[in-house]
Amino acid sequence: MISRMNEPLTYIYVTWKDAHSGTTTWTQPSEIDPEPCIVKTSGFLLADASGGKPDHITVFQSITPDGDVDHVLHIPVKMVVDFKCVQVDFDSGVVITRQP
């Protein structure tokens, strides 16, 4: 079970390489864009022990007073380029920044 809304949460900002379509129509292989699709995602971190998916960074958008979450995204750890975390304690107003 995830922590209640009034318990400290970790806010995370993740930069990661996404799987994506390389073309929208018939294309010569030499014309395919070789650049990765870099995505930036932010939200609250859901730890493995609280229901997050192993070997992934699990992010959710919102939490209720009962601990229900929505808009959950699992980002494979091997696709992560960079991330930054902020520990947020809403009751005391404490914010602690963490980086890898």
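The values are calculated or read from the model by the stated rules, or taken from the named source; none is laboratory data. Note that this is a predicted model, so its numbers are computed, not measured. Every residue, glycine as well, gets a Cβ built from its backbone with ideal geometry; the counts of neighbours run over all protein chains shown. For accessibility, only protein heavy atoms count, side chains too; no ligands or nucleic acids. Shrake-Rupley method; radii C 1.70, N 1.55, O 1.52, S 1.80 Å.
Rg to Rh ratio, segment 3-88, alpha-carbon atoms and Kirkwood radius?
Result: Rg/Rh = 1.12.
Shape verdict for segment 11-54, please, from the Cα gyration tensor: rounded (a/c under 1.5), prolate (a/b greater than b/c) or oblate.
Because a/c hits 1.5 or more and a/b exceeds b/c, segment 11-54 counts as prolate.
Order the following by accessible area, largest value first: Ser42, Ser21. Probe radius 1.4 Å; ligands, DNA and RNA are ignored.
Per-residue accessible area, sorted high to low, gives Ser21, Ser42.
Using every Cα-Cα pair within segment 34-78, state what percent have a distance larger than 13 Å. Can you show the working numbers first?
Details: 569 of 990 pairs.
Tail of P(r) above 13 Å: 57 percent of Cα pairs.
Quickly work out the Cys37-to-Asp82 label distance, labels modelled 7 Å from Cα along the C-beta direction, and quote it in nm with one decimal.
The two pseudo-label positions are separated by 2.2 nm.
Within segment 40-74, what residues put their amide N at less than 20 Å from the label point 7 Å along the Cα-to-Cβ vector of Lys17?
Of the residues in segment 40-74, 40-42, 55-58, 74 have backbone N under 20 Å from the label point off Lys17.
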